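Structure first, commentary second.
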Amino acid sequence: MNALERTFRFLSPKWYCRWGLNRATRERSEKLKATQSLSKIERQNLINQLDGEIYEWADWLGEMEDKELVRRARRMDIYLDDIPLPKRDAEDREDPAYRTPSHFELGPWGNNRLRSESRAALTKAMHERLPTYRRERREIRQLWINFLAVLTGLIGAATVFVTVWKK
């Protein structure tokens, strides 16, 4: 990893992840075109390796997007704790990693991803709250505009008062 990549990874991890995903996708298609002469098993192994890299980038990007979704919901006063926990499958009950119910699941590369049911419920709650949230933000913005207008008027009046008083 060169210095430019390190800088972009530090400054904008999401952009870096998208860039890496696009690069891995391009490399996959280029390598598959160049390896027509490989045996079927070697070609399948190469496909599995390249797909694994793509899925790793996609999983990391998905984790960042899930964190951003939860952060945006929190700003709208919607909390993940208020959403009911998704029902667990029979497979989940047997797996020791899923003994406690959660909105998150552990991905194959160790990334915490929102479960699809939790993501859908959170998105639905955000869509329902959106008109009220926009109205509240608009009211707060209007309050600040009115405050600045009054402050500007007071400064102007004080300037006039000082000017008249000095004469």
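Please treat every number below as a calculation from the coordinates, not as lab data. If you're wondering where the values come from, they're calculated on a predicted model, not measured in any experiment. Heads up, the Cβs are rebuilt from the backbone with ideal geometry, glycines too, and the neighbour counts pull from every protein chain shown.
Within 10 Å, at most 14 other Cβ atoms, and a DSSP state outside H, G, I, E, B define an exposed site. Report the longest part of the chain free of exposed chymotrypsin sites (Phe, Trp or Tyr not before Pro).
The answer is 1-78.
In a shell of Cβ-Cβ distance under 14 Å around ARG141, excluding ARG141 itself, what net charge do Lys and Arg (+1) and Asp and Glu (-1) give?
That sum, taken over residues with Cβ under 14 Å, equals +2.
Would you mind telling me which residue in ASN146, ASN112, ASN45 has the biggest mean-square fluctuation in a Gaussian network model of the chain, where springs connect alpha carbons within a distance under 10 angstrom?
Top of the fluctuation ranking is ASN146.
Per-residue ellipticity at 222 nm for the chain, helices alone: DSSP H runs ≥ 4 residues times -39500 (n - 2.57), over residue total, nearest 500 deg cm²/dmol?
When only DSSP H runs of four or more count, the value is -26000 deg cm²/dmol.
Looking at the chain as a GNM with Cα springs under 10 Å, which of GLU63, GLU30, GLU53 has the largest mean-square fluctuation?
Of GLU63, GLU30, GLU53, the Gaussian network model singles out GLU30 as fluctuating most.
Could you calculate the contour length gain from TRP144 to PHE161, that is, 0.36 nm times the residue separation minus the distance between their Cα atoms, to one decimal place in nm?
Between TRP144 and PHE161, full extension yields 3.6 nm more.
Any idea how many Lys pairs in the chain come in under 26 angstrom at the alpha carbon, given 8 or more places apart or on separate chains?
Lysine pairs satisfying the spacing and distance rule in the chain number 7.
Once you've got the GNM for the chain with C-alpha springs shorter than 10 Å, pick whichever of GLU56, GLU136, GLU117 has the biggest mean-square fluctuation.
Maximum among the listed residues: GLU136.
Quick one: Karplus J couplings for the stretch 151-167, per residue in order, coefficients 6.51, -1.76, 1.60, θ = phi - 60°, nearest Hz, x for Gly and Pro?
4, 5, x, 5, 5, x, 5, 5, 5, 5, 4, 5, 5, 5, 5, 6, 6
Multiply the residue gap between ARG134 and ARG74 by 0.36 nm, knock off their C-alpha separation, and tell me the result in nm, one decimal place.
Contour length minus the Cα-Cα distance gives 20.2 nm.
Output the relative contact order of the stretch 1-153, whole-number percent, from Cα pairs under 8 angstrom with separation of 6+ residues.
18 percent
Please give the net charge around GLY110, taking every other residue with its beta carbon less than 11 angstrom from that of GLY110, where Lys and Arg add +1 and Asp and Glu add -1.
-2
Is there a quick way to get the dipole size of the stretch 3-166? I mean about its Cα centre, with the Cβ of Lys and Arg at +1 and of Asp and Glu at -1; what is the value in debye to the nearest 20?
Value, rounded to 20: 860 debye.
Looking at PHE161, HIS103, LEU69, which one has the Cα that reaches farthest to the positive end of the dipole of the chain (charges on Cβ: Lys, Arg +1; Asp, Glu -1)?
Result: PHE161.
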